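Undergrad: Pasting a structure below so you can have a look.
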Amino acid sequence: MEKLFGLDSLLEPEEIEIRSTVRKFASDRIRPHVAQWFEEGTLPARDLAKELGSLGVLGMHLEGYDCAGMSATAYGLACLELEAVDSGIRSLVSVQGSLAMFALHRWGSEEQKQTWLPPMARGEAIGCFGLTEPDFGSNPAGMRTNAKRDGDDWILNGTKMWITNGSIADVAVVWAQTDEGIRGFVVPTDTPGFSAPEIKKKVSLRASVTSELVLDGVRLPASAMLPTAQGLRGPLSCLNEARFGIVFGSIGAARDCLETAVEYSMSREVFDKPLAGYQLTQAKIADMTLEVGKGHLLAYQLGRLKDSGGLTPEQVSTGKLNNVREAIDVARTCRTILGANGITLEYPVMRHANNLESVLTYEGTTEMHQLTIGRAMTGEAAFR
Ligand SMILES: Cc1cc2nc3c(=O)[nH]c(=O)nc-3n(C[C@H](O)[C@H](O)[C@H](O)COP(=O)(O)OP(=O)(O)OC[C@H]3O[C@@H](n4cnc5c(N)ncnc54)[C@H](O)[C@@H]3O)c2cc1C
């Protein structure tokens, strides 16, 4: 990849160093165990969160409150290296840093920031982000979860669905309808009336905790509301942050599949010579290399735009749509190169392919990003 695209020439030495550190952590600490976690549908999230906190990747691109304050590009590279091992690990980091911590950092009161951000940056407290509901995913504006005033307090009722980190979270950022429109609430998960049953039987993102959030008369003080987030602008700003990490992360999963397939093709003999020596195999490898290389270039370009403060939501949609879609395609083609071995957990390829099905759906489905890009190109909104 490097010899064809010269990608490292686009990075600062410090960014290359951060990438190496995260790659080493992911290879030493996560890769040896992740297939087993996936098979068992478990994740040692508490221990892992502390280690990821020590590494400095939780809320890595945020300033102050014990966050690392790194460039957006450096954060993206960390996502890339973590997702090269498993999308579930990158999801843990994305939800913590880009959804829950970003919501607090961007929209929270000083007290909320002081209380939650430092322990979250260290991985001592885990956060989740409750936007999606059983009947409202792509169209969160329709949400039914509501918060009603009772004196100075708020009472929250409703159900959130498909919430990453939900059952292990210490704090949930929950979005709800109020008389003033959609508002965000910081909910300590030990508040009476809050529960988060885990969703089982997933065949994708198995090394990631996914949960329902049930809010049954959850009483919160007035200070629990995020003071400055009003309307969908609040949650959408957070989703944009997480999507940015996915632009990089998904290409990490694709890179891992491609590297696995290339190596496999060189050692697997078919019809008396290595699979790599056949033109059909090389055509697959060449085409996939182009997509993985272009995906890196797109991610780096969006990283630079974000670092200079000029990244638009439409540009993030472009990166998310392209890189996740291509990553799935690469994973499936790599699976063909591995033949029957490709369907096992001995190799990471089908695990990545299955994980990427979730990545294709969350943070805006393919169709939502097509509609966003379509609107940007034509001026016509075709969502309804
Ligand atoms: C593993 C996992 C983790 C998740 N983590 C979180 C989390 O932490 N927090 C959170 O809030 N959510 C989370 N989600 C939820 C995710 O964001 C939603 O699943 C996603 O937004 C899609 O919503 P939906 O599943 O309800 O699908 P729907 O909205 O029901 O969509 C179904 C299909 O219809 C298509 N569609 C919808 N509208 C249109 C239209 N106008 N035109 C054409 N096609 C359309 C969609 O693109 C999709 O293909 C997670 C999901 C998964 C799978």
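All of the numbers you see were taken from the coordinates with simple rules; none came from a lab. Here the structure is a predicted model, which is why all the values come from computation and not from measurement. Neighbour counts are summed over all protein chains in view; Cβ atoms, including those assigned to glycine, are modelled from backbone coordinates with ideal geometry.
Undergrad: When you check SER94 against the structure, is it in contact with a strand residue (DSSP E or B) (Cβ under 9 Å, 6 or more places away or on another chain) and surrounded by fewer than 19 Cβ atoms within 10 Å (Cβ to Cβ), yes or no? Break it down stepwise before answering.
TA: Numbers: in contact with a strand residue (DSSP E or B) (Cβ under 9 Å, 6 or more places away or on another chain): yes; surrounded by fewer than 19 Cβ atoms within 10 Å (Cβ to Cβ): no.
No: the conditions fail for SER94.
Undergrad: Can you tell me which residue among SER195, SER208 is more than 12 Å from the ligand (Cβ to nearest atom), under 17 Å from PHE129 (Cα atoms) and among the small types (Gly, Ala, Ser)?
TA: After ruling out the rest, the residue left standing is SER195.
Undergrad: I'd like the residue in segment 197-247 that is basic (Lys, Arg) and touching a residue at least 60 places away in the same chain (Cβ under 8 Å) and, out of all such residues, is nearest to LEU311 (Cα to Cα). Give the derivation first.
TA: Narrowing segment 197-247 to residues basic (Lys, Arg): 200-202, 206, 219, 233, 243.
From the residues that got through so far, the ones that are touching a residue at least 60 places away in the same chain (Cβ under 8 Å) too are 200, 202, 206, 219, 243.
Details: LYS200: 37, LYS202: 34, ARG206: 32, ARG219: 38, ARG243: 12 Å.
Across segment 197-247, the extreme among qualifying residues is ARG243.
Undergrad: From (1) within 21 Å of the chain's Cα centre (by Cα); (2) away from the ligand (no atom under 16 Å from the Cβ); (3) surrounded by fewer than 16 Cβ atoms within 10 Å (Cβ to Cβ), pick out the condition that doesn't hold for ALA283.
TA: Failed condition: (1).
Undergrad: For segment 296-329, enumerate the residues that are among the hydroxyl-bearing types (Ser, Thr, Tyr) and either touching a residue at least 24 places away in the same chain (Cβ under 8 Å) or part of a helix (DSSP H, G or I) (or both). Working first, answer last.
TA: Start the filter on segment 296-329 by keeping residues that are among the hydroxyl-bearing types (Ser, Thr, Tyr), which leaves 300, 308, 312, 317-318.
Within segment 296-329, TYR300, SER317, THR318 qualify.
Undergrad: Test of understanding: among LEU99, LEU62, which residue is of a type in the set (A, V, I, L, M, F, W, C), within 12 Å of the ligand (Cβ to nearest atom) and touching a helix residue (DSSP H, G or I) at 6+ places or on another chain (Cβ under 6 Å)? So that I can check it myself, show each step before the final result.
TA: Numbers: LEU62 fails: within 12 Å of the ligand (Cβ to nearest atom).
Checking each option against the conditions leaves just LEU99.
Undergrad: Right, another one. When only residues in segment 330-384 that are of a type in the set (Asp, Glu) and either within 16 Å of the ligand (Cβ to nearest atom) or in a helix (DSSP H, G or I) (or both) count, which is nearest to the chain's Cα centre (by Cα)?
TA: Step one: filter segment 330-384 for residues of a type in the set (Asp, Glu), giving 346, 357, 363, 367, 380.
The next check asks that each one be either within 16 Å of the ligand (Cβ to nearest atom) or in a helix (DSSP H, G or I) (or both); those that pass are 357, 363, 367, 380.
Numbers: GLU357: 13, GLU363: 8, GLU367: 18, GLU380: 29 Å.
Within segment 330-384, the match that is nearest to the chain's Cα centre (by Cα) is GLU363.
Undergrad: May I pose another question? Condition check: more than 15 Å from the ligand (Cβ to nearest atom), under 30 Å from ALA381 (Cα atoms) and touching a Cys at 6+ places or on another chain (Cβ under 8 Å). Does ARG106 satisfy that? Please lay out each step first, then the result.
TA: Numbers: more than 15 Å from the ligand (Cβ to nearest atom): yes; under 30 Å from ALA381 (Cα atoms): yes; touching a Cys at 6+ places or on another chain (Cβ under 8 Å): yes.
Against the criterion (more than 15 Å from the ligand (Cβ to nearest atom), under 30 Å from ALA381 (Cα atoms) and touching a Cys at 6+ places or on another chain (Cβ under 8 Å)), ARG106 qualifies.
Undergrad: If I filter segment 251-259 for residues that are within 16 Å of the ligand (Cβ to nearest atom), surrounded by 16 or more Cβ atoms within 10 Å (Cβ to Cβ) and closer than 22 Å to LEU360 by Cβ, do I get at least one hit?
TA: Of all residues in segment 251-259, those within 16 Å of the ligand (Cβ to nearest atom) come to 253.
Then keep just the ones that are surrounded by 16 or more Cβ atoms within 10 Å (Cβ to Cβ); that gives 253.
Restricting the remaining residues to those that are closer than 22 Å to LEU360 by Cβ gives 253.
Taking every residue of segment 251-259 in turn, at least one turns out to be within 16 Å of the ligand (Cβ to nearest atom), surrounded by 16 or more Cβ atoms within 10 Å (Cβ to Cβ) and closer than 22 Å to LEU360 by Cβ.
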